[in-house]
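To start, the structure under review is shown below, and the notes come after it.
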Amino acid sequence: MSEVVTIERRDTIAVITVNNPPVNALSIGVRSGLLGSIKAAALDAEVKAIVLACAGRTFIAGADITEFAKPHQPPDLGEVIEAIENCPKPVVAAIHGTALGGGLEVALGCHFRVASKDAKLGLPEVKLGLLPGAGGTQRLPRAVGPELAVKMIIGGDPITAAEALKNGLIEEMAEGSIASAGEVFARKVLAEKRPPRKLRDDDSKLARAKADRSIFTDSVAAMTRRARGLEAPFAAADAVGAAIELPFDEGLKKEREGFLRLVASDQSKAQRYAFFAEREAAKIVANSEGAKPRNVNRVAIIGAGTMGGGIAMSFANVGIPVTLIETSPEQLKRGLGVMQKNWEATAARGGIPADAPAKRMALIKGVVGLENVKDADLVIEAVFETMAVKKEVFRKLDQFAKPGAVLASNTSFLNIDEIAKETERPQDVLGMHFFSPANVMKLCEIVRGAKTAPDVLVTAVAIARRITKVPAVVGVCDGFVGNRMLAQRERQADLLLFEGALPQQVDAVVTKFGMPMGPFAMSDLAGLDIGWRSRKDRGIKSEIADALCEAGRFGQKTGKGYYKYEGGSRTPLPDPEVEKLIDETLIRLARKRRTIGDEEILERMMYPMINEGAKILQEGIAARPSDIDVVWLYGYGWPIYRGGPMFWADQVGLKHIADRLAFYAKETDDPSLEPAPLLKRLVTENRTLSSLFQLRS
Ligand code: T1G
């Protein structure tokens, strides 16, 4: 039928196979091949039933996302699915791997579905800023009922084959070759003379929600609670709502309108960009061609504190045994206790199976003494963040760790090359910078030292993906990528207070933009005393922050900082005391407050960071603008629907950003705000940041 779709007759059964590696995406070739195959099988008098299966590692994993940026070519997926559904002969979908997005929609157009035990089925379109655009919002509620459909469509997470069987999404689970299982099932359908089941005609599972709309509205409310700023989840809810209220074809029309609006939206462009940026970040750009990852079967983690404990959990979560090393039995007991409690809390919420906490704790061997790293293939150090302590630990690791072990530091800003120099094997040393809470945050900033060997780098990237983290490779500099850019934002935040803004005004602008938290609420969470102590060590001042600390306002831990926190709550409340303290400080320094608008605040929060990002690219600390975006998306809570600071900068326009930076540099007499040479060059050449490295998106 086409290069990527074949049809084979096995006696009275026609087996249609899609073979479009790597994930059988519904490219134009697959759509036209499917349509042609279904029509041919329907016309072939010998054929009594049809099986639709895929070659390779997975069933159809959705529409071809790279085609959304191109002019649409027929046949439309809806037309293909209609041909399948209206086929007079039973069509059985034989699912293995993942049936996602348009792939599940194709399967929902089939009359029956069988799946292998480890298959996953889902409609993740909202994660791309879209909604299911080929009948998924109309057929899935009819297959599994509105509640589960809302959960799957608005949440975007797949369900297992077992859950699919329990909820009527599939007829059978199968072992072995799924195409053969599909064929066996098709023969059974023929033998039992079962009529083709068209989901479009079966409203039985909608009855309860038609009678009681709150069934639907409550599920939607629960699933959209965390969808702040996102358009797609609400548009998807409207489409599913139409499935309950409207006849099938009218619901389909509503879905189509929603899809076409979203596919052209800036949010979806940003989320599709993020999809490919995440995958690109795992591809090391330079000097690693052909390098193979080393085996990692056992990991040792030094330090069972907040970071060490979270990192250990990430490994145990995917079944990798961990040796967790502390300096004393008390420290160890405390660290293990926190991990147990975290896992039990997740199990209590139903996030993991009830027996998982015990199983995962069993993978953790808690010991005292660095000599216990001897069996580890990978050692991750997560001790106190001072160079002296790190150097001492690495000197010992060099002594005890086995040859070929990868030695990683979880430092968030210290110089990896300096740490590596403490060993005889700097080629085996690099940074693996996790983010707190490390068992939750997705990002792993992998810091490539000057001497880090290519196979050590690919080992770190591979293991980061194995523990379901998103790796981004960066070079050695103060604060690497994320913290280095963040420092520019924090600096401007302090200056804005100095010039007249208030913490709550700055934070409101940043959270309205979509960040989870503003700089001042973040400082209160981290504790102002940490920065105060290090400023004092370095003999530098931050007038307002110092004044707050001298007043005992260390943040949440003292119930007051830039905000006040009442009765142990974590909700930041503006505190007139702070405004009074700021006024007194400015008067003491003979400085006048001025009215500062939200637009200026946003520009001074974001543009200096982007400028620093340009410097990071210039210096080769990051290989691609999209790597910087991955760092911010998965490590700092940058809103996914804005794609990342570099992507957003291109949307705002580099000329505008460069002009504003030059303006603020002059206005605030701050040469560090001068636009970076790379920014100036791109403006002169009328180019974008993304033109530096074209992503498929
Ligand atoms: N389109 C194009 N390329 C895709 C793709 C897709 N749908 N899915 C994956 N790839 C590429 C990916 O970029 C990578 O390329 C390679 O395949 C392997 O992917 C009408 C509108 C299936 C679970 O959202 O979630 O259908 O980097 O590294 O970790 O309603 O890929 O090697 O060059 O991720 O094993 C809905 C997206 C689309 C699923 C496999 N579908 N894919 O994970 O491999 S919208 C999705 C995934 C839609 C309809 C709508 C995962 C995976 P490269 P990978 P993996």
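Of note:
- Residue tally, condition in contact with a Lys or Arg (Cβ under 6 Å, 6 or more places away or on another chain) and within 27 Å of SER265 (Cβ to Cβ), over region 108-162: 4
- Selection of region 301-335 for residues being under 16 Å from ALA356 (Cβ atoms) and surrounded by fewer than 22 Cβ atoms within 10 Å (Cβ to Cβ) yields ASN317, VAL318, GLY319, ILE320, PRO321.
- Hey, GLU255 within 14 Å of the ligand (Cβ to nearest atom), farther than 30 Å from LYS210 by Cα and not aliphatic (A, V, I, L, M) or not: no
- The residue pairs whose first member lies in region 322-334 and is touching a residue at least 12 places away in the same chain (Cβ under 8 Å), whose second member is among the aromatic types (Phe, Trp, Tyr), and whose beta carbons are closer than 9 Å, counting only pairs six or more residues apart or on different chains, are VAL322/PHE315.
- Residue within region 649-662 that is open to solvent by 30 Å² or more (accessible area, probe 1.4 Å) and within 22 Å of LEU130 (Cβ to Cβ) present: yes
- Pairs where the first residue, in region 215-243, is among the acidic types (Asp, Glu) and the second is surrounded by fewer than 21 Cβ atoms within 10 Å (Cβ to Cβ), C-beta under 6 Å, 6+ apart: GLU231/GLN267
- Whenever a residue of region 52-73 is under 15 Å from GLY101 (Cα atoms) and assigned to a loop (DSSP other than H, G, I, E, B), its partners that are open to solvent by 30 Å² or more (accessible area, probe 1.4 Å) and within 11 Å of the ligand (Cβ to nearest atom), lying with C-beta atoms within less than 7 angstrom and at least six residues away or across chains, give the pairs THR58/VAL23; THR58/THR98; PHE59/THR98; ALA61/VAL23; ALA61/THR98; ALA61/LEU100; GLY62/LEU100.
- Scan region 276-289 for residues that are more than 9 Å from the ligand (Cβ to nearest atom), surrounded by 15 or more Cβ atoms within 10 Å (Cβ to Cβ) and farther than 17 Å from VAL447 by Cα and the total you get is 1.
- Exclusive hit being free of Cβ contacts under 8 Å to residues at least 40 places away in the same chain and within 21 Å of the chain's Cα centre (by Cα), set ILE446, ILE463: ILE446
- Residue within region 491-507 that is open to solvent by 30 Å² or more (accessible area, probe 1.4 Å), under 22 Å from LEU633 (Cβ atoms), within 28 Å of the chain's Cα centre (by Cα) and not acidic (Asp, Glu) present: no
- Within the set LEU586, LEU602, the sole residue that is at pLDDT below 95 and hydrophobic (A, V, I, L, M, F, W, C) turns out to be LEU586.
- Restricting region 160-180 to residues that are part of a helix (DSSP H, G or I) and open to solvent by 20 Å² or more (accessible area, probe 1.4 Å), the residue that is farthest from PHE59 (Cα to Cα) is LYS166.
- Pair list, Cβ < 6 Å and 6+ apart or interchain, from region 532-555 residues that are within 23 Å of GLU577 (Cβ to Cβ) and among the small types (Gly, Ala, Ser) to residues that are part of a loop (DSSP other than H, G, I, E, B) and at pLDDT 90 or above: GLY555/GLY527; GLY555/GLY561
- Test: residue in region 559-577 that is over 15 Å from GLU499 (Cα atoms) and polar (S, T, N, Q): yes
- Hits in region 219-275 - residues which are hydroxyl-bearing (Ser, Thr, Tyr) and open to solvent by 10 Å² or more (accessible area, probe 1.4 Å): SER219, THR224, SER265, TYR273
- Each residue in region 108-136 was checked for being acidic (Asp, Glu) and either more than 6 Å from the ligand (Cβ to nearest atom) or without any contact (Cβ under 8 Å) to a residue 12 or more places away in the chain (or both), and 1 of them qualify.
- The residue of region 90-107 that is farthest from the ligand (Cβ to nearest atom), among those that are of a type outside the set (A, V, I, L, M) and touching a Lys or Arg at 6+ places or on another chain (Cβ under 6 Å), is GLY97.
- Matching option when the condition is open to solvent by less than 10 Å² (accessible area, probe 1.4 Å) and of a type in the set (Val, Ile, Thr), among VAL23, VAL91: VAL91
- Neighbours by Cβ (under 9 Å, 6+ apart or cross-chain): first from region 364-389, in contact (Cβ under 8 Å) with a residue 24 or more places away in the chain and polar (S, T, N, Q); second open to solvent by 50 Å² or more (accessible area, probe 1.4 Å) and in a strand (DSSP E or B): ASN372/LYS365
- Among the residues of region 188-201, those identified as part of a helix (DSSP H, G or I) and surrounded by fewer than 18 Cβ atoms within 10 Å (Cβ to Cβ) are LYS188, LEU190, ALA191, ASP201.
- Test: residue in region 72-87 that is buried (at least 20 other Cβ atoms within 10 Å of the Cβ), under 20 Å from PRO22 (Cα atoms) and within 13 Å of the ligand (Cβ to nearest atom): yes
- Subset of region 509-531 that is free of Cβ contacts under 8 Å to residues at least 12 places away in the same chain and open to solvent by less than 70 Å² (accessible area, probe 1.4 Å) - its residue that is farthest from SER569 (Cα to Cα): THR511
- Among the candidates ARG604, ARG588, residue that is under 30 Å from ALA547 (Cα atoms), open to solvent by 10 Å² or more (accessible area, probe 1.4 Å) and either of a type outside the set (Val, Ile, Thr) or under 21 Å from the mean Cα position of the chain (by Cα) (or both): ARG588
- Annotation: of all residues in region 40-63 being surrounded by fewer than 20 Cβ atoms within 10 Å (Cβ to Cβ) and not aliphatic (A, V, I, L, M), the one that is farthest from the ligand (Cβ to nearest atom) is GLU46.
- Selection from region 358-398 of residues that are assigned to a helix (DSSP H, G or I), farther than 23 Å from ASN295 by Cα and open to solvent by less than 30 Å² (accessible area, probe 1.4 Å): LYS390, VAL393
- Residue check, LEU262 within 16 Å of the ligand (Cβ to nearest atom), over 26 Å from the mean Cα position of the chain (by Cα) and within 22 Å of GLU82 (Cβ to Cβ): no
- Region 581-613 - residue that is part of a loop (DSSP other than H, G, I, E, B) and β-branched (Val, Ile, Thr) and, of those, nearest to HIS656 (Cα to Cα): ILE596
- Qualifying residue in region 6-22 (condition: part of a helix (DSSP H, G or I), among the hydroxyl-bearing types (Ser, Thr, Tyr), free of Cβ contacts under 8 Å to residues at least 60 places away in the same chain and away from the ligand (no atom under 13 Å from the Cβ)): no
The values are calculated or read from the model by the stated rules, or taken from the named source; none is laboratory data. It should be emphasised that the depicted structure is a prediction, and the values quoted were computed from it without experimental measurement. Reconstructed Cβ throughout: ideal geometry from the backbone, glycine too, with neighbour counts over all protein chains shown. Areas reflect the complete protein model, heavy atoms only, side chains present, ligands, DNA and RNA absent. Shrake-Rupley method; radii C 1.70, N 1.55, O 1.52, S 1.80 Å.
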